[in-house]
Amino acid sequence: MAYQPGTRLKNEFAFDVDGPLAGYWIAMLRVLTGWWFFHAGVTKLIEDGLAFTSGPAYMQGMTGTALGPIPVWMGNNLAWLIEPGVPLFETLIGLALMVGALTRLAAFGGVIFMILFWVGNAGFGHGLVNSDLMGLLLFVTLMVLAAGRFYGLDAIIEKTTLVERHPKLRYLLG
């Protein structure tokens, strides 16, 4: 059957960015990305508690990466922060994304993690485009599309008087 511009579907739907399908898709991406990080963080908390020694060890091994001595210095001198911070922040980033609260702030945290993972795994055996870069792009997408406004708590929080009095807070939400 050939396409005819004059023929309309009985139950027409569109893939417009402001349409319902895009909203469902963005919300699903947010929740799944949140689950990815939440699961990673909770697993580390269950296995190691707030003493995730693999974090500093990972950074100490980043000697030949594009960041040079910075992560090695961090792994050697900031282990006290990295060990509890990695599982805690992964869990909080994931939780915030799943419920859609402080979405841009949480996604920015995810961007930081993914930059470190991408550069830290800088063997680039499969080229520059790898799963770490794709995760980075996913977090950036959630920030740009204000994913928390799609079936998330940010849509409710943005209507509060606090946010109306301080509209710059919207940069953390959405």
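The values are calculated or read from the model by the stated rules, or taken from the named source; none is laboratory data. The shown structure was predicted, so the numbers you read here are calculated from the model rather than taken from an experiment. So basically every Cβ, Gly included, is an ideal-geometry build from the backbone, and we count neighbours across all protein chains shown. Note: areas computed on protein heavy atoms with side chains; ligands, DNA, RNA excluded. Shrake-Rupley method; radii C 1.70, N 1.55, O 1.52, S 1.80 Å.
Residue 145 fulfils the conditions (1) open to solvent by less than 30 Å² (accessible area, probe 1.4 Å); (2) touching a residue at least 60 places away in the same chain (Cβ under 8 Å); (3) among the aliphatic types (A, V, I, L, M); (4) more than 30 Å from residue 49 (Cβ to Cβ) except for a single criterion, (1). Can you pull out every residue in the stretch 77-107 that is farther than 14 Å from residue 29 by Cβ, among the hydrophobic types (A, V, I, L, M, F, W, C) and in contact (Cβ under 8 Å) with a residue 40 or more places away in the chain? Selection gives 86, 88, 89, 92, 93, 95, 96, 99, 101, 102, 105. Would the stretch 149-163 turn up any residue that is open to solvent by less than 30 Å² (accessible area, probe 1.4 Å), out of contact with any Leu (no Cβ under 8 Å at 6 or more places or on another chain), of a type outside the set (Val, Ile, Thr) and outside any helix (DSSP H, G or I)? Yes. The residues on offer are 6, 34, and the sole one that is modelled with pLDDT under 90 and not aromatic (Phe, Trp, Tyr) is 6. Where helices (runs of 4 or more DSSP H) fall wholly inside the stretch 44-138, the ranges with 2 or more residues that are modelled with pLDDT under 90, surrounded by fewer than 17 Cβ atoms within 10 Å (Cβ to Cβ) and of a type in the set (S, T, N, Q) are 54-60.
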